[in-house]
1. Which of the residues belonging to region 17-36 are within 11 Å of ligand 1 (Cβ to nearest atom) and either of a type in the set (A, V, I, L, M, F, W, C) or within 20 Å of residue 222 (Cβ to Cβ) (or both)?
2. If you check 41, 119, 77, which single one turns out to be away from ligand 1 (no atom under 12 Å from the Cβ), charged (D, E, K, R) and either assigned to a loop (DSSP other than H, G, I, E, B) or touching a Phe, Trp or Tyr at 6+ places or on another chain (Cβ under 6 Å) (or both)?
3. If I filter region 3-24 down to residues being within 6 Å of ligand 2 (Cβ to nearest atom) and either among the small types (Gly, Ala, Ser) or in a loop (DSSP other than H, G, I, E, B) (or both), which single residue comes out as surrounded by the most Cβ atoms within 10 Å (Cβ to Cβ)?
4. Of all residues in region 34-50, how many are out of contact with any helix residue (DSSP H, G or I) (no Cβ under 8 Å at 6 or more places or on another chain) and of a type outside the set (A, V, I, L, M)?
5. Is one or more of the residues making up region 85-106 crowded, with 19+ Cβ neighbours inside 10 Å, on the phi < 0 side of the Ramachandran plot and of a type in the set (Val, Ile, Thr)?
6. Which of the residues belonging to region 25-52 are over 19 Å from residue 78 (Cβ atoms) and surrounded by fewer than 16 Cβ atoms within 10 Å (Cβ to Cβ)?
7. Does any residue in region 62-78 that is more than 21 Å from residue 39 (Cβ to Cβ) come within less than 9 Å, Cβ to Cβ, of a residue that is among the hydrophobic types (A, V, I, L, M, F, W, C) and assigned to a helix (DSSP H, G or I) six or more places away or on a different chain, and which pairs are these?
8. All but one of (1) of a type outside the set (Ser, Thr, Tyr); (2) away from ligand 3 (no atom under 16 Å from the Cβ); (3) within 30 Å of residue 141 (Cα to Cα); (4) assigned to a helix (DSSP H, G or I) hold for residue 93; which doesn't?
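Every number here is computed from the coordinates shown, using simple stated rules; none is lab data. Since we're looking at a predicted model, the values are computed, not measured. All Cβ positions, even for glycine, are placed from backbone atoms using ideal geometry, and neighbour counts span all protein chains on display.
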Amino acid sequence: MRVILIGPPGAGKGTQATRLAEKHNVPSISTGDLFRARTKDKNDPLGQQIKAIMDAGQLVPNEITVKMISERLDQPDCKNGFILDGFPRSVEQAESLDKMLKEKGIKLDGVIQIGVDDDKLVERISGRFSCGKCGEGYHDKFKKPADPHQCNKCGAKEDPKDPEASIWKRRSDDNEETVRGRLHTYHTQTAPILPYYDAKGVLKVVDGMAAMDDVTRQIEDVLDPKQGAKTLAPPKKFG
Ligand code: ADP
Ligand code: ADP
Ligand code: ZN
């Protein structure tokens, strides 16, 4: 399975990429996660340059992004497929990806747009947090851990009396100001890749406003219409 997930910040790309990856036993590759890993070392000048770009809600330059993805796709775990979350994010990146896949002899199975209205995204992003141990994603309102001090997935526990030792992480770019910048970047630079893929006949649209499990079902359905539920209403168009 070789799939691209496209959507604005907070649309649910990471959530759905993780589910698809687990189900189909392929890696989920998030450019955002790869960049965040790079920003951890305070003495790494490139990492710090990337952090400043991310905190401003802008796109990391293509030379860095495209090379990083090309190297990642060459890793042995991508042999049977991959889910791309957050790449490509511009027409130039989509063109580079096409060229790269052609050179590597790889064909995509689908490009899925997860459509969500802008108003909803600020709420999604401001409630987002994840487990610092395993990376499992949560939400203050839409996906609370069963126990507020323990990760459902890996079992990591925190001391409720010591908030300093919290296992939960919130991203520094998940604040309202940066979110507006990221939404602007999405509409001006990323959204033009939708007609690009539509013209190639590979674009599928799902309604990301629905509940998480419903979105998962819609994705399974558009990837394999024979297997999925046929009862869903046709998705509306998102810009
Ligand atoms: P979200 O899940 O909220 O859409 P990501 O984790 O995918 O956010 O991305 C966080 C930031 O990382 C982006 O705002 C951007 O600065 C950078 N980034 C991620 N993917 C790309 C990409 N394909 N090209 C350039 N920059 C990227
Ligand atoms: P993206 O990777 O596109 O930025 P995420 O998958 O990180 O988005 O989702 C953003 C936040 O919204 C997370 O806290 C996640 O738990 C929550 N979320 C994801 N999908 C849905 C959904 N369909 N309904 C409600 N909340 C959702
Ligand atoms: Zn965990």
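1. Keep residues of region 17-36 that are within 11 Å of ligand 1 (Cβ to nearest atom), which gives 17, 29-36.
The answer is 17, 29, 34, 35.
2. Details: 119 fails: either assigned to a loop (DSSP other than H, G, I, E, B) or touching a Phe, Trp or Tyr at 6+ places or on another chain (Cβ under 6 Å) (or both); 77 fails: either assigned to a loop (DSSP other than H, G, I, E, B) or touching a Phe, Trp or Tyr at 6+ places or on another chain (Cβ under 6 Å) (or both).
None of the others qualify; the one that does is 41.
3. Of the residues in region 3-24, the ones within 6 Å of ligand 2 (Cβ to nearest atom) are 7, 9-15.
Restricting the remaining residues to those that are either among the small types (Gly, Ala, Ser) or in a loop (DSSP other than H, G, I, E, B) (or both) gives 7, 9-12, 14.
On the way: 7: 23, 9: 24, 10: 27, 11: 25, 12: 25, 14: 21.
Result: 10.
4. Within region 34-50, the first condition is being out of contact with any helix residue (DSSP H, G or I) (no Cβ under 8 Å at 6 or more places or on another chain), and the residues that meet it are 37, 43, 45, 48-49.
Within this subset, residues satisfying the condition of being of a type outside the set (A, V, I, L, M) are 43, 45, 48-49.
Residues flagged as out of contact with any helix residue (DSSP H, G or I) (no Cβ under 8 Å at 6 or more places or on another chain) and of a type outside the set (A, V, I, L, M) within region 34-50 amount to 4.
5. Applying the first criterion (crowded, with 19+ Cβ neighbours inside 10 Å) to region 85-106 yields 85-90, 93-94, 96-97.
Applying the additional criterion that residues be on the phi < 0 side of the Ramachandran plot yields 85, 87-90, 93-94, 96-97.
Right, trim to of a type in the set (Val, Ile, Thr) and you get none.
There is no residue in region 85-106 that is crowded, with 19+ Cβ neighbours inside 10 Å, on the phi < 0 side of the Ramachandran plot and of a type in the set (Val, Ile, Thr).
6. Matches in region 25-52: 40, 41, 42, 43, 44, 45, 46, 48, 49, 52.
7. What qualifies is 73/100; 73/101.
8. All conditions pass for residue 93, except number (3).
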